[in-house]
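Report on one structure; see the data block that follows.
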Amino acid sequence: MAPFKHPRTHRPHLRTVSITGVGSYVPERILTNAELERMVETSDEWITTRTGIRERRIAAAGETTSDMAVAAARHAITRAGITPEQIDLIIVATITPDMPFPSTACLVQQKLGATRAAAFDIEAACSGFVYALDIASHFVASHTYETVLVIGAEKMSSVIDWTDRNTCVLFGDGAGAAVLQNRPNAHGLLTTCLGSDGTKAGLLELPGGGSACPPTADSVANRMHYLRMDGKQTFKNAVNAMVSAAHDALDRCGLKVDQIRCIIPHQANQRIITAVSEQLGAAEGQVFVNVDRFGNTSAASVAIALDEAATAGRIQRGDLVLMVVFGAGLTWGAAIIEW
Ligand code: UT7
């Protein structure tokens, strides 16, 4: 394999950052396309041909985003061979926090017994996990912290309008987690590229419940507390932004796409994944897909996929992994990891 550039090693005061453990969790309850056919005017044929989604997971009543985050985190902690007390910082990426405050990360800190950890949430919608990886990596690279736990967790079922066929067939619940540490003699996270475009904020939003539109009887009656999306425009922007972010990340490391063992794109729609793969010139089998089983789990999407790819042996130590994401904001990002 041709040598690659590690942007961090050009700054000797920074150290490398590896992912030393991953984990994921999805709820037991499976919601199939056949069940959705009985809820809204849709069909299994429409959903599978337009999205590739066959089923998605739905959290149990009373099961929260922090519960799912903790379940994923426990697997990642075990695989990293650490204890919760060793964690210095917890970052949770979510758009479906248990409540506006305190942060879901603080609730996770308590449930894990991560008594030494600082904790905060970040919100970058479906791009949240890569945003959180980037933030976390700086704490480790700069010697500020030894061990950072990054989680993407969503209970999308709590913000879905179950009468809107345009959106209710697309999303699912779940969580994925990663432990970040310096591992001597390993390159780890080679680069992260992030971007945003707030001029297109209206394409995908949940308008109610914040300071712009506090909850009232009217806001509930007008369905302001549910996710809304202009699917067609979101689709176009997703493909363009993901291809461009992936190219930026590859260029920064002096890599070509055929040097990447596994590409993990945001799992929103099989057609988006196919378009991105084709435009990147990715080979068949290089791209990891689980959208058929989980739908779009927003910030959890690439975190769950990373865990599944690693657990299935699709990624081995030393392999290069490209994660590429897109979401509301608009936001996007890419990360390249030497496993
Ligand atoms: O996580 C990041 C953000 N999310 C995404 O990246 C998702 C981006 N967008 C998409 O994945 C696609 O745009 C959708 C899957 C949402 C829609 O696919 P599309 O091919 O863009 O369909 P469309 O919006 O052009 O809709 C075509 C038709 C419409 O009917 P009319 O107006 O042509 O009569 C819709 O009303 O399909 C109709 N439709 C449905 N029909 C059956 C929309 N949803 C459904 C449905 N079942 N569930």
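V321 satisfies every condition listed in (1) open to solvent by less than 10 Å² (accessible area, probe 1.4 Å); (2) within 16 Å of the ligand (Cβ to nearest atom); (3) out of contact with any Ser or Thr (no Cβ under 8 Å at 6 or more places or on another chain); (4) outside any helix (DSSP H, G or I) except (2).
Among the residues of segment 131-161, write down those that are farther than 19 Å from G327 by Cβ and either open to solvent by less than 20 Å² (accessible area, probe 1.4 Å) or within 12 Å of the ligand (Cβ to nearest atom) (or both).
Taking segment 131-161 first, the residues farther than 19 Å from G327 by Cβ are 137-149.
Selection gives S137, V140, A141, T147, V148, L149.
The rows are residues; the columns are (1) of a type outside the set (A, V, I, L, M, F, W, C); (2) surrounded by 24 or more Cβ atoms within 10 Å (Cβ to Cβ); (3) in contact (Cβ under 8 Å) with a residue 40 or more places away in the chain.
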{"position": "R57", "(1), (2), (3)": "yes, no, yes"}
{"position": "G62", "(1), (2), (3)": "yes, no, no"}
{"position": "S66", "(1), (2), (3)": "yes, yes, yes"}
{"position": "A69", "(1), (2), (3)": "no, yes, yes"}
{"position": "R79", "(1), (2), (3)": "yes, no, yes"}
{"position": "I82", "(1), (2), (3)": "no, no, yes"}
{"position": "V92", "(1), (2), (3)": "no, yes, yes"}
{"position": "P97", "(1), (2), (3)": "yes, no, no"}
{"position": "P102", "(1), (2), (3)": "yes, no, no"}
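Specify which of the listed residues (T167, T163, T65) is within 18 Å of the chain's Cα centre (by Cα) and within 30 Å of A221 (Cα to Cα). Give the derivation first.
Details: T167 fails: within 18 Å of the chain's Cα centre (by Cα); T163 fails: within 18 Å of the chain's Cα centre (by Cα).
Answer to the check: T65.
So which of A299, A303, A310 ends up being in a helix (DSSP H, G or I), farther than 28 Å from L36 by Cβ and touching a residue at least 40 places away in the same chain (Cβ under 8 Å)? Matching residue, one of A299, A303, A310: A310. Scanning segment 266-289 for residues that are touching a residue at least 12 places away in the same chain (Cβ under 8 Å), part of a helix (DSSP H, G or I) and either within 18 Å of Q316 (Cα to Cα) or open to solvent by 50 Å² or more (accessible area, probe 1.4 Å) (or both) turns up Q270, R271, Q279. Regarding segment 191-198, can at least one residue be identified that is within 16 Å of the ligand (Cβ to nearest atom), small (G, A, S) and surrounded by fewer than 16 Cβ atoms within 10 Å (Cβ to Cβ)? Looking through segment 191-198, at least one residue is within 16 Å of the ligand (Cβ to nearest atom), small (G, A, S) and surrounded by fewer than 16 Cβ atoms within 10 Å (Cβ to Cβ). Scanning segment 23-55 for residues that are open to solvent by less than 30 Å² (accessible area, probe 1.4 Å) and of a type outside the set (V, I, T) returns G23, S24, P27, L31, N33, L36, G52.
Restricting to strands (runs of 3 or more DSSP E) lying wholly in segment 5-122: which have 1 or more residues that are within 16 Å of the ligand (Cβ to nearest atom) and of a type in the set (D, E)?
Working: elements: 18-25, 30-32, 55-57, 89-93, 118-122.
The qualifying strands (runs of 3 or more DSSP E) are 55-57.
The residues listed here are F288, F294; of these, the one that is aromatic (F, W, Y), more than 16 Å from the ligand (Cβ to nearest atom) and closer than 22 Å to S24 by Cβ is F288.
The values are calculated or read from the model by the stated rules, or taken from the named source; none is laboratory data. None of the values given here were measured: they were computed from a predicted structure. All Cβ positions, glycine included, derive from the backbone under ideal geometry; neighbour counts span all protein chains shown. When the accessible area is computed, the model is the full protein with side chains, heavy atoms only, and any ligands, DNA or RNA have been set aside. Shrake-Rupley method; radii C 1.70, N 1.55, O 1.52, S 1.80 Å.
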